[in-house]
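Engineer: What follows is a single structure, and I will ask about it in a moment.
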Amino acid sequence: MKTTKEQADQDIHENLVNNLQELLEKNIDAEEGYSKAMKDAKNNRLKSFLQHQAAKRSQFVTELNQEIRNLNETPKEKGSTTGSLHRTWIDIKSSLTGNDDEAVLEECIRGDKASVEEYEERLQENRFPQNIQQTLNNQLSEIRGTLSKVKSLEDIADNLD
């Protein structure tokens, strides 16, 4: 039988791992979403931007994988069912809108807004070790920057060649 402290330590560990696993899953979804968006985009500059974002999310996945491994746990290897359903919705929407770049950007904005909310909520509701807190804050900052860039790209989508 575990002592109260041992149980509390285990609960803290499980909560930490669960939060990281869920953020990992979100980033796997985002990486796959950006890769999908890159294939749907028509404009070459937009394709390049989306490819860069997919690579950035892949980096986030690697960072979160390492943090989870540092906690002696096994990281998830695939995204969520919700993410898969979202990509299916993008497929349907793209086919109806003719795969236009503005529709692709709208979906990127929607996904990044959800990511920002997820990070903010987890950072607000949990106390992470300093190194993990720093990693998550850096990732959140990057996602916010990407969201601003995507919004500005959407504003000029009609002028993209």
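Engineer: Would you pick out the residues in segment 12-68 that are charged (D, E, K, R) and within 17 Å of residue 142 (Cβ to Cβ)?
Structural biologist: Once the filter is applied, which keeps residues that are charged (D, E, K, R) and within 17 Å of residue 142 (Cβ to Cβ), segment 12-68 yields 26, 29, 31, 56, 57, 63, 67.
Engineer: Consider residue 63 carefully, then state whether it is crowded, with 21+ Cβ neighbours inside 10 Å, of a type outside the set (A, V, I, L, M, F, W, C) and farther than 14 Å from residue 115 by Cβ.
Structural biologist: It is false that residue 63 is crowded, with 21+ Cβ neighbours inside 10 Å, of a type outside the set (A, V, I, L, M, F, W, C) and farther than 14 Å from residue 115 by Cβ.
Engineer: Could you list all residues from segment 36-46 that are within 17 Å of residue 109 (Cβ to Cβ) and free of Cβ contacts under 8 Å to residues at least 60 places away in the same chain?
Structural biologist: Across segment 36-46, the qualifying residues are 36, 38.
Engineer: Among residues belonging to segment 56-85 that are of a type in the set (Asp, Glu) and part of a loop (DSSP other than H, G, I, E, B), point out the one that is modelled with the lowest pLDDT.
Structural biologist: Out of the qualifying residues, it is 77.
Engineer: Something else: What number of residues within segment 1-55 satisfy the criterion of being over 17 Å from residue 114 (Cα atoms), charged (D, E, K, R) and either in a helix (DSSP H, G or I) or at pLDDT 90 or above (or both)?
Structural biologist: Selection size over segment 1-55: 10.
Engineer: Among the residues of segment 10-32, how many are surrounded by fewer than 23 Cβ atoms within 10 Å (Cβ to Cβ), among the acidic types (Asp, Glu) and touching a residue at least 12 places away in the same chain (Cβ under 8 Å)?
Structural biologist: Count: 4.
Engineer: So, in segment 97-107, how many residues would count as being surrounded by 17 or more Cβ atoms within 10 Å (Cβ to Cβ) and either acidic (Asp, Glu) or modelled with pLDDT of 85 or more (or both)?
Structural biologist: Residues meeting the conditions: 3.
The values are calculated or read from the model by the stated rules, or taken from the named source; none is laboratory data. If you're wondering where the values come from, they're calculated on a predicted model, not measured in any experiment. We place every Cβ from the backbone using ideal geometry, glycine too, and count neighbours over all the protein chains shown.
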